[in-house]
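Colleague: Dumping the structure here so I can ask a few things about it.
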């Protein structure tokens, strides 16, 4: 059987939202189902939305300092222009989600399930994906200070037009992860790059790090 050489791209269906009902921050509650709602320019700071389900919703222009979204389910939903020093969505489920134009000091998504999701034009200080499962995910035109994929399983993930200062990969399992064109400052745990695709320029830039990792002395 011939070995497959092409990197499979993420398969993401465009998000289309229709017939949304205007709502306010006070309409959202923890452990409740919220369907087909539109919230604009709202303050969710300090709100406990643990275990809530958002399906076919849009939340645009959101201030969310210390908001809690642990164990939440975010399905077929657009999150746009979110601003928060810390957004805790650990152990949450994201499916067919768009996160657009947002500024987050830390986005905590450890032990999360993230599928068919696009993150575009956003700035994130610490993106914590430790132990998470990612499938069919695109990050585009994003700036990340630290991207932590330690222990994560990532399949058909692409970073396009992105900058990452520090990429952590300890124990990560990658398959069809497309890093071509990614500007990266440093990569920890180079052995975990197996399953990723790099371009020739990136490989050349990492040559010294690869040699050091393999115990190769470069002289002359």
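Colleague: When residue 130 is evaluated against the numbered criteria (1) assigned to a loop (DSSP other than H, G, I, E, B); (2) touching a strand residue (DSSP E or B) at 6+ places or on another chain (Cβ under 6 Å); (3) outside the structural domain of residue 203 (by TED's automatic domain parsing), which criterion, by number, is the only one it fails?
Modeller: Just one mismatch for residue 130, condition (3).
Colleague: Here's a follow-up. Please work out which one of (1) more than 20 Å from residue 122 (Cα to Cα); (2) in contact (Cβ under 8 Å) with a residue 12 or more places away in the chain is the condition residue 165 fails and give its number.
Modeller: It is condition (1) that residue 165 fails.
Colleague: Out of 150, 186, I need the residue that is assigned to a loop (DSSP other than H, G, I, E, B) and either free of Cβ contacts under 8 Å to residues at least 60 places away in the same chain or surrounded by fewer than 22 Cβ atoms within 10 Å (Cβ to Cβ) (or both). Which one?
Modeller: 150
The values are calculated or read from the model by the stated rules, or taken from the named source; none is laboratory data. Values in this document were obtained by computation on a predicted structure and should not be read as measured data. Note that we place each Cβ from the backbone using ideal geometry, even for glycine, and neighbour counts take in every protein chain shown.
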